[in-house]
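The values are calculated or read from the model by the stated rules, or taken from the named source; none is laboratory data. A quick note: this is a predicted structure, and the numbers were derived from the prediction, not measured. Virtual Cβ from ideal backbone geometry, glycine too; neighbours counted across all protein chains shown.
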Amino acid sequence: MLAGIEGWWAEGLGWLAAFSVLTFVGSLLVLPLVAARIPADYFCAERRGKTPWRRRRPGLRMIVLILKNMLGLVLFLAGVLMLFLPGQGLLTIFLGIMLMDFPGKYRLERYIISRGPVLRGINWLRKRSGVEPLEVTECDDLF
């Protein structure tokens, strides 16, 4: 089938296949680690509290914030691709959103995690890691 495809098409399909395999394997390795690190009561509060190191070292905070947002964007985009390619698309999208910072993010996180399939998937990963399940308040009134 690829024999008739010339030039950059074949190379592009090869890179796409390699990226698909890489994101699939990466999601299998990283998602359980990240899901297990979320505190069980992370989604119980109405508002997110301030981080303790918010005012200390503003230069380092800005660098970490930029890198965290870039990683979150990559995970989000990889999750969107995984909706069509092999991988755990919805969980990867959710974890990408969790890493990024934007207005209304906490409300969006609470809404997404309160949906059955996402919560069941994350709690299944947490159970396999020996961590208690996430506690989620009802979020139907958020959107």
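The combined condition, being over 30 Å from Val21 (Cβ atoms), in contact (Cβ under 8 Å) with a residue 24 or more places away in the chain and in a helix (DSSP H, G or I), is not fulfilled by Arg61.
Per the listing Leu134, Leu75, Leu119, the residue uniquely surrounded by 14 or more Cβ atoms within 10 Å (Cβ to Cβ), outside any helix (DSSP H, G or I) and at pLDDT 80 or above is Leu134.
Residues in region 22-72 that are at pLDDT 80 or above, closer than 19 Å to Asn123 by Cα and β-branched (Val, Ile, Thr): 1 in all.
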